[in-house]
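Take a look at the structure set out below.
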Amino acid sequence: AQSVTQLDSHVSVSEGTPVLLRCNYSSSYSPSLFWYVQHPNKGLQLLLKYTSAATLVKGINGFEAEFKKSETSFHLTKPSAHMSDAAEYFCVVSDPKLIFGAGTRLAVHP
Amino acid sequence: AAGVIQSPRHLIKEKRETATLKCYPIPRHDTVYWYQQGPGQDPQFLISFYEKMQSDKGSIPDRFSAQQFSDYHSELNMSSLELGDSALYFCASSLGQGFQGTEAFFGQGTRLTVV
């Protein structure tokens with residue numbers, strides 16, 4: 001069975017500093033991986049996806065993620081955090097149904 | 001662009017009542033997924049349909065049932081509601097049975113409150 005583990009339940013950064021949200025996956029074959037963002041009382045929005053093409057994936061709002069098979073990781077990064085980035089972020093693997101990680105709550109301070 | 005439409009957005013029901021949630025996928029999407037997200041929880045997969053047939057089943061209680069209709073919209077029927085059923089219910093749609101290479105698009109969710 002496939003699964004994802006988000007290593008941090010909460011991450012707090014200052015505005016303008018880099019963001020790193022960590023995700024490790026477990027899969028018996030080459031997975032499809034996604035990052036979704038959920039703002040308070042909102043739906044789930046796809047940030048980016050990895051589907052065995054380029055290992056560095058660029059998404060919306062300046063986010064990107066790198067698929068590292070040797071480390072079974074798919075960490076989400078952004079060079080400079082913005083206040084509007086404060087939200088819950090989910091790392092997701094397809095099974096083919098979507099299996100969600102526990103989520104990481106990102107707080108951005110002025 | 002058209003997105004996944006869920007109705008109603010909010011629903012308040014009493015214990016032991018029934019509720020029906022509706023999901024209208026993106027046009028031409030043939031796969032629908034239902035998820036339940038409790039307070040502070042990650043979304044949990046309930047059930048999915050591909051071409052009007054159930055394709056996968058997750059942690060869906062026996063009190064719940066769902067189906068996908070000929071126009072590809074889906075309904076989640078919930079009976080004998082319990083307080084613990086209070087949650088945000090998401091529907092997602094995709095083109096094709098699998099997510100391999102195809103992202104799923106989520107609706108805004110239906111917030112069900114059981115009192």
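The values are calculated or read from the model by the stated rules, or taken from the named source; none is laboratory data. Worth saying up front: this structure is predicted, and the values here are computed from it rather than measured. Counting neighbours? That spans all protein chains shown, and the Cβs are built from the backbone with ideal geometry, glycine included. Each accessible area value is taken on the protein alone, full model and side chains, heavy atoms only, with ligands, DNA and RNA left out. Shrake-Rupley method; radii C 1.70, N 1.55, O 1.52, S 1.80 Å.
What the table shows:
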{"read-out": "Lone qualifier among B:Pro27, B:Pro39 - being within 18 Å of B:Arg111 (Cα to Cα) and modelled with pLDDT under 95", "value": "B:Pro39"}
{"read-out": "Selection within region A:1-31 - surrounded by 13 or more Cβ atoms within 10 Å (Cβ to Cβ), assigned to a loop (DSSP other than H, G, I, E, B), within 16 Å of the chain's Cα centre (by Cα) and at pLDDT 90 or above", "value": "A:Leu7, A:Asp8, A:Arg22"}
{"read-out": "Residue in region B:54-70 that is touching a helix residue (DSSP H, G or I) at 6+ places or on another chain (Cβ under 6 Å), open to solvent by less than 20 Å² (accessible area, probe 1.4 Å), away from chain A (no Cβ under 14 Å) and touching a residue at least 12 places away in the same chain (Cβ under 8 Å) present", "value": "no"}
{"read-out": "Unique match (being more than 12 Å from chain B (Cβ to nearest Cβ), modelled with pLDDT of 90 or more and touching a Cys at 6+ places or on another chain (Cβ under 9 Å)) among A:Phe34, A:Phe63, A:Phe74", "value": "A:Phe74"}
{"read-out": "Flag if A:Ala107 is more than 19 Å from B:Gln37 (Cα to Cα) and either in contact with a Leu (Cβ under 9 Å, 6 or more places away or on another chain) or within 14 Å of another protein chain (Cβ to nearest Cβ) (or both)", "value": "no"}
{"read-out": "Qualifying residue in region B:78-97 (condition: within 14 Å of chain A (Cβ to nearest Cβ), open to solvent by 20 Å² or more (accessible area, probe 1.4 Å) and either among the aromatic types (Phe, Trp, Tyr) or more than 26 Å from A:Ala53 (Cβ to Cβ) (or both))", "value": "no"}
{"read-out": "Pair list, Cβ < 9 Å and 6+ apart or interchain, from region A:60-74 residues that are under 19 Å from A:Gln2 (Cα atoms) and open to solvent by less than 50 Å² (accessible area, probe 1.4 Å) to residues that are part of a strand (DSSP E or B) and small (Gly, Ala, Ser)", "value": "A:Phe67/A:Ser73; A:Phe74/A:Ala65"}
{"read-out": "Selection status of B:Ala19, surrounded by fewer than 16 Cβ atoms within 10 Å (Cβ to Cβ) and out of contact with any Gly (no Cβ under 6 Å at 6 or more places or on another chain)", "value": "no"}
